[in-house]
Each structure stands twice: as C-alpha cells, then as structure tokens.
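Please read the structure below before turning to the comments.
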Protein chains: 2
Amino acid sequence: MKDLKNYVEQNKDRFLSELFELIRIPSVSAQESHKDDMYRAAQWIAEKLVADGADKAEVFKTDGHPVVYGEKIIDKSLPTVLVYGHYDVQPAEPLDLWKSPAFEPEVREGKIFARGADDDKGQSFMHFKAFEYMVKTGQLPCNVKFMIEGEEEIGSPSLGKFCEQNKKMLASDVILVSDTSMISPDIPSITTGLRGLTYVEVEVTGPNRDLHSGLYGGAVANPVNVMAKMIASLTDENGRITVKGFYDDVEELSDEERKEMARAPFNLDHYKKEIDVAEVGGEKGYSTNERTGIRPSLDVNGIWGGYTEKGAKTILPSKAYAKISMRLVPHQDSKKIAELFKAHFESIAPKTVKVKVNYLHGGEGYVSPTDTVEYQAASKAYETSFGKKPIPVRSGGSIPIISLFEKVLGVKSILMGFGLESDAIHGPNENYPLQQFYKGIETIPYFYKYYAEMKK
Amino acid sequence: MKDLKNYVEQNKDRFLSELFELIRIPSVSAQESHKDDMYRAAQWIAEKLVADGADKAEVFKTDGHPVVYGEKIIDKSLPTVLVYGHYDVQPAEPLDLWKSPAFEPEVREGKIFARGADDDKGQSFMHFKAFEYMVKTGQLPCNVKFMIEGEEEIGSPSLGKFCEQNKKMLASDVILVSDTSMISPDIPSITTGLRGLTYVEVEVTGPNRDLHSGLYGGAVANPVNVMAKMIASLTDENGRITVKGFYDDVEELSDEERKEMARAPFNLDHYKKEIDVAEVGGEKGYSTNERTGIRPSLDVNGIWGGYTEKGAKTILPSKAYAKISMRLVPHQDSKKIAELFKAHFESIAPKTVKVKVNYLHGGEGYVSPTDTVEYQAASKAYETSFGKKPIPVRSGGSIPIISLFEKVLGVKSILMGFGLESDAIHGPNENYPLQQFYKGIETIPYFYKYYAEMKK
C-alpha cells in the first residue's frame with residue numbers, strides 16, 4: 001500500500017468537495033421539516049457507494065428515515081467487513097452562535113466547519129474513500145458491506161427491525177464504525193467502551209393557565225419552582241443520582257482496572273481551560289475520565305417554561321418542561337432505568353402539580369475486548385499510520401446500536417474513531433480537522449490488509 | 001344623576017366600538033417591535049380625551065414610551081381629581097393558547113376577550129366615558145386631569161421623572177386608579193394595599209459552548225442542573241424565602257388585623273377548582289389571602305436553557321437563564337431586595353459556574369387608610385351602584401407607581417378597580433365582562449359627586 005499516501009494527496013480536493021455536497025444536505029433527523037432531506041442524503045450516499053466501487057447500493061425505507069445498504073462481494077470464502085455509519089445529524093440550533101452557516105461547510109485554520117463535519121458525515125465518508133482506493137487499485141482483500149442509517153441521533157428506532165429483517169444480507173465477521181474520537185492528534189486511541197442512554201421529557205403542570213404573579217404569587221405553587229426542586233433533588237451532595245434503584249446494576253471496577261485506566265494521558269488544566277470552567281464537577285471519589293468512562297450521569301439537556309422573551313412578564317406559569325437524559329454503563333438496562341426514573345419522578349412530585357414523563361429514546365452500553373483479531377488488526381493499522389500503538393479507552397458517549405448489533409447480528413464492533421474532543425460535535429461550530437480526515441482515509445485500508453492477513 | 005343608566009344604555013354599542021379601536025393597537029411595552037404602536041395608542045387617547053370633553057390633551061415624550069396628559073379645569077377653587085391609567089399591555093405570548101387573536105377583540109359569553117380588555121385599556125376607558133357623561137350632561141362637579149402612561153407593565157421607568165418635572169401641572173387632591181379587581185361581580189371591594197416588586201433575570205454559565213452530553217456528562221457541571229439547585233434553595237420546606245435579610249423589613253400583622261382580613265368571603269374549593277389544582281401551596285402558617293395580601297413571594301416567571309425544540313438533542317448546555325420576581329410587602333425596599341438577592345444568588349453559586357444577575361425593574365408596596373374623605377366617597381359610590389358597601393382588601397398585585405405618587409406628588413391614591421380575578425390578565429384569553437365595564441362607567445360619576453360634596 002505504498003501508493004496510499006500519494007492517492008490521498010492527489011485526490012484530496014475532490015474528496016473534500018464530495019464531502020461538502022453531502023454536508024450541504026441538512027439531514028436533521030430530529031426535525032420533521034427535514035424529512036425530505038433525509039431521503040436526499042440517503043440517495044446521495046447510495047449513488048456515491050456505487051461510483052466508489054460497490055456492486056450495488058440501495059435505499060431501504062423504514063418506519064422512520066431510510067437506511068442505505070451497499071456491498072462489494074469479491075469472494076464468498078473471504079471474511080466480510082460491515083461498515084456502519086450514519087448520515088443524520090444533530091439539530092444546528094442555536095443558529096446565531098455559528099460563525100459560518102451550519103450547512104455551508106467552510107475551511108478555516110485547517111478545519112472543516114459545519115454540522116456533520118465530524119459526526120458522522122465526515123467520519124463515514126472516510127470509509128467511502130478508503131474503499132474507493134482499495135477497489136480502484138485492486139487491493140481490496142475481503143468483502144465489504146455498508147449500512148449507513150439516518151436515525152442515530154434520535155436513538156436508531158428503526159435499525160433494530162431492519163437488522164432483524166435483513167440478517168442474511170448483513171451477515172459479516174466484524175462491524176467497523178468511525179463515530180468516536182481519539183485522545184489527541186498524536187495519541188491514537190480505540191474506544192472499547194460506550195455508555196448507554198435513557199432520554200426522557202418531563203412536563204410539570206401547575207394551574208390550568210398562566211396566572212398573574214401578583215394576584216396569585218405565594219399562594220399557588222409555581223410549576224417552574226417546583227420542577228427546579230424536583231430536578232435539584234435528582235442528584236445529591238456527592239453528585240450521586242438519587243433515582244431509587246439507579247445504581248443496582250452498575251459494575252464497580254477493580255482498583256487494578258482503575259489504575260490501568262488512569263495511565264491514559266490526561267491534563268486537567270488543559271481540559272478546564274479548553275471549555276473555560278474554573279472547576280469540574282461530578283460524582284465524588286472518581287476522576288474526570290472515570291466520571292465519563294465508567295460511571296453513569298444525569299443531565300438536563302433542555303429546560304423551558306413561562307415567559308422567555310425579552311423584558312419582564314409577571315406571570316406564574318402554567319407549565320414547565322425539561323429534557324433529561326441519563327448516560328448508563330454496561331449492565332444498566334435503558335428501559336428499566338426509564339421506568340425507575342418515571343416512578344421516582346412521579347413519586348417526588350408534590351400534590352400541587354401534575355407530572356408527565358415521556359420516554360424519548362435509549363440504548364445499552366457496550367464493552368469490547370482487546371484480545372481479539374479484530375482489535376489487533378485495528379491497533380496495528382493505527383500504529384502503521386500514526387507511528388504509535390493506540391490506547392484502548394472507554395468513551396462517555398453512546399452508540400446504542402452497537403450493543404444491538406451484538407444481540408441481533410451476533411457480531412462485535414470495532415470503534416475506529418478519528419474525531420477529536422475539540423470538534424464540538426452536537427454544538428455550534430462543529431468542526432473536523434483536515435488532518436484527521438485525510439489520516440483516517442490513510443488508516444482504514446490497513447485495517448482491511450491486516451485483518452485479511454490475520455484471518456487467513 | 002338619574003339619567004346616568006339611560007346614558008350608558010343608549011351609548012353602550014359606541015362605547016364598545018371605541019374601546020375596540022384602542023385594543024386593536026398592540027401596545028406591548030416590553031417588546032421593541034411595538035415601539036410605533038405605543039405612539040399610535042397615546043395619540044389615539046389624546047384625541048379621545050378632547051373629543052370626550054377635555055380642554056386639551058397632549059402626548060409627552062419620555063426616555064421610554066410617551067405619557068398622555070389631558071385636563072378639564074372648570075374652577076380653580078374646586079377640588080381636582082387626577083385619573084391615572086396605562087395604555088400599555090403585557091406581551092400576548094404564548095399566542096397559540098388564545099381562542100381568538102389577542103389584538104382582535106371579540107365578545108363571547110358576555111365578556112370582551114382581548115389583551116388589555118381589562119388591564120388596563122378596558123378599565124382606563126371607563127373613566128373616559130364617565131367623564132364624557134359628566135361633561136356632556138353638565139354635571140362635572142370638580143376639575144379633572146388625566147395621566148395615562150405607556151410603561152406600567154415594565155415598571156414605569158419614566159413616570160417618576162415625568163412627575164418630578166411636571167409637579168405643578170399634575171397638582172391634585174386625589175389620584176383615582178382603576179387597575180385592580182373586586183372580590184366578585186356582586187361583592188364590591190376597594191384595594192387598600194398593594195405589594196411591591198423586584199424583578200431580575202439570572203444567567204448561569206457552565207462550559208463556554210454546548211458540549212456533547214455523552215463525552216462530558218458527569219464530569220462537567222451542567223448549568224441547568226446547577227441553576228435548578230440554586231433556584232430550589234431560594235425557598236425552604238416551609239415556603240419561606242431564604243435570601244439573607246429578605247424578611248428584615250416585613251411587618252407582621254397583629255392577630256386582630258388578621259382576624260379582620262379573614263372576614264372577607266373566600267371559598268378555597270372554588271379557588272382551587274377555578275385554576276384546576278389539587279392543592280394550593282405557599283408559606284406555612286398563613287391563609288391563601290394572607291399569602292398574597294400581606295406576605296412576600298418569589299416566583300420564576302420564565303426559565304430556559306439548552307435544547308427546547310421537538311425531539312432529543314444530547315447536549316450539556318453552556319447556559320441557563322431564569323426570570324425571577326419577588327412580590328414585596330410595604331416597608332420592603334425593592335432596590336434593597338434586588339441587592340440582597342444578587343448577593344445571595346452569587347454567594348450560593350458553586351465554582352463550576354459563572355453567574356450574572358440583572359435587575360429588570362421594581363417598585364414599592366402601598367397601604368391606604370380607609371378613614372379619609374377620598375375612601376369614603378369611593379365607598380359610597382360603589383354602595384350606590386352595587387347596593388352593597390365595598391370591602392377593603394389587600395391585593396397581591398403591584399402598581400409600583402402608586403407609592404411613587406405619594407412620595408413625589410404628595411397625593412394619596414384610591415384604587416377603584418372593577419376587574420375580576422377570572423379575567424386572566426397577563427395570561428392568554430384575557431377578558432373583561434361587559435357587565436363590569438358598564439357598571440364601572442355607572443359608578444365613577446358618583447365618586448365625583450360624593451367627593452365634591454364631602455369636600456365642600
């Protein structure tokens with residue numbers, strides 16, 4: 001694969017302009033107004049896969065947004081790699097905080113700025129181009145399948161059914177996913193753990209209409225004040241979540257395992273400076289990396305109620321709302337946690353209000369072993385292109401579908417991510433360094449090479 | 001004044017269509033986009049006052065929205081009544097909860113539905129028509145001045161200066177205000193107490209950008225969760241406000257005074273049913289009427305932060321906001337309370353966040369005696385038209401300017417309100433019963449009659 005670097009160098013402008021085409025389709029899965037954009041993005045990918053060398057590619061309808069499936073089968077006796085990615089992106093709001101329009105990609109300071117630049121259009125697209133290279137240069141050593149979905153950011157509600165119904169078509173030896181990040185541009189890492197997720201929306205209703213806060217204030221419970229008290233009580237003074245039964249299935253790691261984890265390079269001062277906080281906060285007794293890697297968490301993702309425009313309106317609001325999500329560790333069941341949360345939240349509501357808890361979505365955590373052929377092939381690929389052996393790390397993020405793949409398809413996934421924590425995925429000014437983008441394209445073909453060799 | 005009822009009966013359709021003209025001007029003082037509407041409304045009132053019989057009326061510019069002043073001086077040796085009202089209204093949001101458009105008045109079930117139908121276009125307008133009657137029928141027994149402002153709903157920031165600069169022009173013996181409510185359509189009452197107000201907006205900042213709630217959740221303090229804890233701690237388990245020094249100037253009423261207050265008719269079941277709550281809530285040891293009448297309160301009027309659109313976005317927000325107002329009782333100083341709140345809120349912020357407290361507006365509480373000529377004239381006027389002596393009550397609302405009138409102009413105010421608690425002022429579907437509207441026009445002339453007689 002001596003020509004790989006040259007190939008990327010000679011085609012880099014084309015790679016970028018192709019990716020930009022995909023980014024310009026605002027495929028926001030959470031927003032109904034983008035329904036048509038989802039089909040456009042899926043169709044674009046299917047056509048691209050065929051152009052890049054796939055035998056065929058098809059857009060599959062689901063109950064939600066479509067799934068793109070494509071394949072190149074060179075020899076049925078060879079191993080098969082299934083590449084998973086997603087073409088849907090998070091909402092771009094708040095729009096006024098973007099320095100350049102979210103869906104108009106722009107390169108500044110060596111980075112692509114746009115919604116989806118990293119998560120996951122940029123990272124999925126590296127696989128298309130690595131595949132193109134292997135096919136065009138006749139170096140593809142095994143069969144490849146692609147499954148690119150459009151509902152990852154809303155919890156992949158249709159993908160489980162899709163996998164169930166297409167087990168044979170999706171049959172593979174390993175699933176390859178680039179939807180995570182590395183420690184830093186010169187410290188490669190492979191994600192070996194993911195957290196699960198339970199996402200709910202709560203509604204707290206006080207009086208049947210907004211009341212005058214002078215005429216009623218002090219005599220009628222204010223649902224915003226009440227909800228603040230309820231949310232406040234969800235974590236205690238040690239940063240532990242108070243939902244009854246929440247920690248029942250949480251696995252405590254051994255001191256040895258924690259010592260091993262602590263060896264990953266981490267600079268707390270740099271971490272704080274980068275997000276501009278004077279102090280970090282979280283569960284007492286755990287380090288920052290442990291708090292995201294091996295411990296569950298509870299965050300309000302959004303809150304609203306009453307008058308939120310400019311100026312002063314003196315009302316006692318009728319309703320208050322919050323979106324609350326919990327990140328879970330392996331063994332915690334997302335549906336069970338949703339039930340525990342609902343029961344707990346209802347139980348702490350005073351009689352002055354009515355409470356509704358709506359489950360939005362969820363998924364399970366995941367841990368992958370490091371002593372497998374698949375992990376070793378990935379490790380060697382990074383070592384070849386980055387010159388350093390990657391560190392296995394547990395990420396705080398969730399890709400709920402990974403544990404589902406194992407359950408439904410019986411196949412383990414390898415999380416070969418090339419993002420950086422500074423990419424601001426999900427936030428305004430999401431970006432992806434060009435260097436990571438091109439380096440990813442230069443790393444992936446080695447995985448195929450080593451994997452095919454090791455499986456012989 | 002035997003012709004009064006006839007006069008109202010014969011002109012009632014015209015009265016209504018004139019009021020509707022005023023209501024259709026969306027004079028929302030809190031919203032910059034309605035700046036021109038404020039001038040239109042002021043100009044409309046000035047022209048109306050002259051048409052109704054004023055010698056002159058003028059629109060005065062201020063640093064904010066204009067003030068309308070008009071007068072009819074019949075004999076300088078006679079007493080002078082200054083009528084105060086306001087033409088500005090609260091924002092109409094949330095618009096989707098209105099059954100008919102907020103600025104398109106509609107009569108349903110004997111009530112006028114529109115923003116400002118009661119507060120305070122409807123109530124101010126009754127004075128214009130009572131004045132018209134007295135002038136047209138030659139029965140005006142004293143001098144009348146009108147001061148109708150456009151900033152009451154945002155705390156009257158310009159009216160203090162206007163009064164200071166126009167003391168001579170505004171000289172009067174009593175100020176008459178209709179901007180409060182009665183106990184019920186057949187139980188007239190006169191408001192003898194008002195609460196003060198301190199209104200602030202708080203901003204709580206965590207990380208410098210929205211973060212991925214998976215990658216950071218559990219390790220970085222979430223400003224929404226933090227703000228919930230801070231707001232939750234502002235009131236204790238007995239419903240008392242915890243801001244340090246908050247109760248220092250609160251006057252405790254004697255058991256006798258509380259017993260006297262408790263004689264006002266009040267039906268808790270009806271109260272709860274009307275706003276659809278299973279239980280009321282508030283400061284322990286006080287009745288519902290005491291909680292709004294003689295005790296201060298703290299309400300979140302609005303809260304927002306993070307992702308508030310449809311669907312799920314997994315972010316750890318950068319910022320959280322809340323609008324918080326406190327109703328104050330006489331002797332509490334609104335500016336001092338604002339300072340106490342700011343100091344307290346800053347002191348309870350953990351080091352994981354940065355906090356800003358912005359003072360939006362405020363005003364002082366007010367108590368008026370019942371043994372004055374002015375009160376007795378008002379009492380007799382209600383007794384004449386309603387057939388019952390009105391009950392003096394302390395309202396929970398605030399008209400900050402009333403205490404300022406006493407301080408700057410040296411004149412006491414009489415709060416002759418004709419609204420009902422069910423009028424939903426400040427909320428969606430604000431309304432004003434036609435019966436109250438016409439009855440108000442039939443009551444006000446008697447105040448002038450009795451007042452002029454008593455002052456002889």
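The values are calculated or read from the model by the stated rules, or taken from the named source; none is laboratory data. Everything quoted here is computed from the prediction, not taken from an experiment. Cβ: placed from backbone, ideal geometry, glycine included. Neighbour counts: every protein chain shown.
Some notes on this structure:
- Search result, residues across the stretch B:199-257 that are free of Cβ contacts under 8 Å to residues at least 40 places away in the same chain, over 15 Å from residue B:348 (Cβ atoms) and in a helix (DSSP H, G or I): B:215, B:255, B:256, B:257
- Count of the stretch B:283-325 residues which are more than 8 Å from chain A (Cβ to nearest Cβ), aliphatic (A, V, I, L, M) and within 17 Å of residue B:238 (Cα to Cα): 1
- Counted residues, the stretch A:426-456 - those being within 21 Å of residue A:104 (Cβ to Cβ) and in a loop (DSSP other than H, G, I, E, B): 5
- Hey, residue B:434 surrounded by fewer than 20 Cβ atoms within 10 Å (Cβ to Cβ) and in contact (Cβ under 8 Å) with a residue 12 or more places away in the chain or not: yes
- When A:10, A:43 are screened for being in contact (Cβ under 8 Å) with a residue 12 or more places away in the chain, assigned by TED's automatic domain parsing to the domain that holds residue A:146, of a type in the set (S, T, N, Q) and surrounded by fewer than 19 Cβ atoms within 10 Å (Cβ to Cβ), only A:43 passes.
- Of all the numbered requirements in (1) touching a strand residue (DSSP E or B) at 6+ places or on another chain (Cβ under 6 Å); (2) buried (at least 17 other Cβ atoms within 10 Å of the Cβ); (3) of a type outside the set (D, E, K, R), residue A:31 misses one, and that requirement is (1).
Matching residues to (1) within 30 Å of residue A:290 (Cβ to Cβ); (2) out of contact with any strand residue (DSSP E or B) (no Cβ under 8 Å at 6 or more places or on another chain); (3) more than 14 Å from every other protein chain (Cβ to nearest Cβ):
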residue: B:173; (1), (2), (3): no, no, yes
residue: B:181; (1), (2), (3): no, no, no
residue: B:195; (1), (2), (3): no, no, no
residue: B:217; (1), (2), (3): yes, no, no
residue: B:226; (1), (2), (3): yes, no, no
residue: B:240; (1), (2), (3): no, yes, no
residue: B:250; (1), (2), (3): no, yes, no
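- When residue A:397 is tested against the conditions (1) closer than 26 Å to residue A:259 by Cβ; (2) assigned to a helix (DSSP H, G or I); (3) not acidic (Asp, Glu), the lone failure is (2).
- Total residues in the stretch B:163-184 satisfying the condition of being surrounded by fewer than 17 Cβ atoms within 10 Å (Cβ to Cβ) and modelled with pLDDT under 95: the figure is 2.
- Meets criteria (more than 21 Å from the chain's Cα centre (by Cα), small (Gly, Ala, Ser) and either in the same structural domain as residue B:427 (by TED's automatic domain parsing) or part of a loop (DSSP other than H, G, I, E, B) (or both)) for residue B:312: yes
- For residue A:343, the requirement of being assigned to a helix (DSSP H, G or I), touching a residue at least 12 places away in the same chain (Cβ under 8 Å) and under 24 Å from the mean Cα position of the chain (by Cα) is not met.
Yes/no matrix, rows are residues, columns are (1) within 14 Å of chain A (Cβ to nearest Cβ); (2) at negative phi:
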{"position": "B:48", "(1), (2)": "no, yes"}
{"position": "B:70", "(1), (2)": "no, yes"}
{"position": "B:85", "(1), (2)": "no, yes"}
{"position": "B:92", "(1), (2)": "yes, yes"}
{"position": "B:95", "(1), (2)": "yes, yes"}
{"position": "B:102", "(1), (2)": "yes, yes"}
{"position": "B:109", "(1), (2)": "no, no"}
{"position": "B:118", "(1), (2)": "yes, yes"}
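- Scanning the stretch A:29-46 for residues that are small (Gly, Ala, Ser) and part of a helix (DSSP H, G or I) returns A:33, A:41, A:42, A:46.
- Members of the stretch B:400-425 found to be within 12 Å of chain A (Cβ to nearest Cβ) and either at pLDDT below 90 or part of a helix (DSSP H, G or I) (or both), listed by number: B:400, B:421, B:422, B:423
- Residues that are over 21 Å from residue B:18 (Cβ atoms) and among the β-branched types (Val, Ile, Thr), drawn from the stretch B:77-113: B:80, B:81
- Put simply, of A:221, A:278 the only residue that is under 30 Å from residue B:286 (Cβ atoms), more than 25 Å from the chain's Cα centre (by Cα) and among the aliphatic types (A, V, I, L, M) is A:221.
- In the condition set (1) over 25 Å from the mean Cα position of the chain (by Cα); (2) on the phi < 0 side of the Ramachandran plot; (3) small (Gly, Ala, Ser), residue B:262 is compliant with all but (1).
Residue-by-condition table, conditions (1) in contact with a Pro (Cβ under 7 Å, 6 or more places away or on another chain); (2) closer than 21 Å to residue B:160 by Cα; (3) buried (at least 22 other Cβ atoms within 10 Å of the Cβ):
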site	(1), (2), (3)
B:39	yes, yes, no
B:53	no, no, no
B:73	no, no, no
B:87	no, yes, yes
B:91	no, no, yes
B:94	yes, no, no
B:117	yes, no, yes
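- Residue B:332 meets all of the listed conditions (1) surrounded by fewer than 23 Cβ atoms within 10 Å (Cβ to Cβ); (2) more than 26 Å from residue B:93 (Cβ to Cβ); (3) in contact with an Asp or Glu (Cβ under 6 Å, 6 or more places away or on another chain) but one, namely (1).
- Residue within the stretch A:139-149 that is within 12 Å of another protein chain (Cβ to nearest Cβ) and buried (at least 19 other Cβ atoms within 10 Å of the Cβ) present: no
- Of the listed requirements (1) in contact with a strand residue (DSSP E or B) (Cβ under 7 Å, 6 or more places away or on another chain); (2) among the hydrophobic types (A, V, I, L, M, F, W, C); (3) surrounded by fewer than 21 Cβ atoms within 10 Å (Cβ to Cβ), residue A:348 misses just one: (1).
- Among the candidates A:179, A:173, A:186, the residue that is within 25 Å of residue A:68 (Cβ to Cβ), out of contact with any His (no Cβ under 9 Å at 6 or more places or on another chain) and in contact (Cβ under 8 Å) with a residue 60 or more places away in the chain is uniquely A:173.
- The C-beta contact set for the stretch B:120-134 (first residue surrounded by fewer than 24 Cβ atoms within 10 Å (Cβ to Cβ), second residue part of a helix (DSSP H, G or I) and of a type in the set (D, E, K, R), distance under 8 angstrom, 6+ apart or interchain) comprises B:132/B:52.
- Single match in B:324, B:303 (criterion: crowded, with 18+ Cβ neighbours inside 10 Å, assigned to a strand (DSSP E or B) and more than 20 Å from the chain's Cα centre (by Cα)): B:303
- The residues in the stretch A:327-340 that are more than 23 Å from the chain's Cα centre (by Cα) and within 13 Å of another protein chain (Cβ to nearest Cβ) can be counted, and the count is 0.
- Some residue of the stretch B:126-144 being out of contact with any helix residue (DSSP H, G or I) (no Cβ under 6 Å at 6 or more places or on another chain), closer than 26 Å to residue A:214 by Cβ and outside any helix (DSSP H, G or I): no
- Pair list, Cβ < 8 Å and 6+ apart or interchain, from the stretch A:373-399 residues that are more than 14 Å from every other protein chain (Cβ to nearest Cβ) and within 21 Å of residue A:454 (Cβ to Cβ) to residues that are in a helix (DSSP H, G or I) and acidic (Asp, Glu): A:385/A:442; A:389/A:383; A:390/A:383
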